[in-house]
1. May I ask you to list the residues in the stretch 273-297 that are assigned to a loop (DSSP other than H, G, I, E, B) and either acidic (Asp, Glu) or touching a residue at least 40 places away in the same chain (Cβ under 8 Å) (or both)?
2. Name the residue, out of Ser16, Ser82, that is polar (S, T, N, Q) and either under 26 Å from Thr133 (Cα atoms) or surrounded by fewer than 16 Cβ atoms within 10 Å (Cβ to Cβ) (or both).
3. Does the stretch 31-38 include one or more residues that are farther than 21 Å from Arg227 by Cα and among the aromatic types (Phe, Trp, Tyr)?
4. Which condition from (1) more than 30 Å from Ala47 (Cα to Cα); (2) surrounded by fewer than 19 Cβ atoms within 10 Å (Cβ to Cβ) is the one that Ala255 breaks?
5. Of these, Ala163, Ala181, which one is surrounded by fewer than 20 Cβ atoms within 10 Å (Cβ to Cβ), modelled with pLDDT of 95 or more and touching a Ser or Thr at 6+ places or on another chain (Cβ under 7 Å)?
6. Restricting to the stretch 197-224, what's the tally of residues that are surrounded by fewer than 18 Cβ atoms within 10 Å (Cβ to Cβ) and polar (S, T, N, Q)?
7. Among (1) surrounded by fewer than 18 Cβ atoms within 10 Å (Cβ to Cβ); (2) over 20 Å from Ala154 (Cβ atoms); (3) without any contact (Cβ under 8 Å) to a residue 40 or more places away in the chain, which single condition is Thr104 missing?
Amino acid sequence: MAETIDLRSDTVTRPSPEMRAEIAIAPVGDDQFGEDPTINLLQERAAALLGKEAALWFPTGTMANQAALRALTRPGDDVIVSHEAHAVWHEAGASAANAGVQFTAIGARGVFTRDEFAAAIKPRGHMLYPATTLVEVENTHNRSGGIVFPQPEAAAICQEAAARGIATYLDGARLWNAAVASGLSLAQCAAPFDLVSVAFSKGLGAPAGSLLAGSKETIQRCVRCRRTLGGAMRQVGLLAAAALYALDHNMTRLAEDHAHARMIAESIAASSRIVVDLATVQTNIIVFHLAPDAPSAAEFAARAWERGLLVSIFGPRTIRAVTHLDVTRQQCERAAEMIAALASS
C-alpha cells in the first residue's frame, strides 16, 4: 500500500515525542480522592479558559455527554437538539439507555434559531407531552461539515431557555476549532451555557480525554454521574499531562487544519461528480456527496483505501474527511487529487 493519508477523523492522531515526555514525568495521585495534582491542574486551567467555576475530566466525550444529560435532566424528559446531532447519531443510543431522555431535533445544517427553539418547547405538566428541560447546541457541528454555531443565536437561545426554566448544554467537543475560526475566546463561546464540554483527543491531538465545565454545584452532580457510568478515575494525571501539553502547543495551529480542509474542499468542488457546500467548510471537516454517476460511498471508500487514503462513510453517497495535525499540506493536496480522481473513475 502507498503512504497512508488518514482523514477518517481528528481522533487518529498519535502523541508526539514531546507529549510522551510530559506524560512520562507527570506527578499523579488517586483522582477519586482528589489527589491527582496533574488532573487538578488541568481542571482548574480548563475551567478558567472556559470562564466557569469548576471542571471535571472524563475519559471520553460520550461519557461526558451522558453525565451532562444525567445531571441536567430526568428520565422521560425532552431534550432539544439540532438535526443530525452527535448525541442522536454517534453515541449508540446511550442517551436513551443511560439518561432515559428523548430528543426533538430542529433546524437545518447543524443550526437552529431562537424562534425554532421556542416553537419546539414542550411545557411542563402537560397530560401528554414530555417536558422540555434541556437544550443542547453542538459547536462545531460534526455531521454538518464542522460549521460554527453563530454566537449571537446561541446567546439568544440560552436567554430564551433561562426565561423558560430550561437548562443549556454546549457539546463543544471541537469548541477549540470554533474559537479559532470565529476569533472569539473559549470563555465567550461558553458564556451563555450552564454546562459545556470540550475534547482533548480531537483537534488538540491528546490520546484521550474530555471535560465538563460549569458551576461548582453542577460539576459536583456530574462527579456522581461519572461514577455511576463507571468513571471512577485513578492516576489519570498521565492523560491530563497530554492535555496540558496540547493546550500549550496544539491550539493555535488549528488554523492550519482549517486551511487544509478549505483547500481540499475548493479543489474537489471543481469535479462534476462531487457536491460540496463550501459554505459549510468553516473548520477542519469536509462532508461531500457523490453524484449519481459517481461510485457509491462504499465503493469510493474501498478504492480510496487501496490507494492509501482513509475516509469515513456518512451515507450511501456521502463521505467525510477530517484534517488534523498528523497530515501535512502536501498530503492534503495529494488527498484532494485522489478524491477527484476516484469520483471520476
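1. Arg273, Asp277, Val281, Gln282, Thr283, Asn284, Ala291, Asp293, Ala294, Pro295
2. Exactly one of Ser16, Ser82 is polar (S, T, N, Q) and either under 26 Å from Thr133 (Cα atoms) or surrounded by fewer than 16 Cβ atoms within 10 Å (Cβ to Cβ) (or both), namely Ser82.
3. No.
4. So Ala255 meets the others, but not (1).
5. The match here is Ala181.
6. 2
7. With respect to (1) surrounded by fewer than 18 Cβ atoms within 10 Å (Cβ to Cβ); (2) over 20 Å from Ala154 (Cβ atoms); (3) without any contact (Cβ under 8 Å) to a residue 40 or more places away in the chain, Thr104 is out only on (2).
Results for (1) without any contact (Cβ under 8 Å) to a residue 24 or more places away in the chain; (2) of a type in the set (Phe, Trp, Tyr); (3) part of a helix (DSSP H, G or I), shown as yes or no for each residue.
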residue	(1), (2), (3)
Phe300	no, yes, yes
Ile319	no, no, no
Asp326	no, no, no
Met338	no, no, yes
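The values are calculated or read from the model by the stated rules, or taken from the named source; none is laboratory data. Note that the coordinates shown come from a computational prediction; the quantities given were computed from them, not determined experimentally. All Cβ positions, glycine included, derive from the backbone under ideal geometry; neighbour counts span all protein chains shown.
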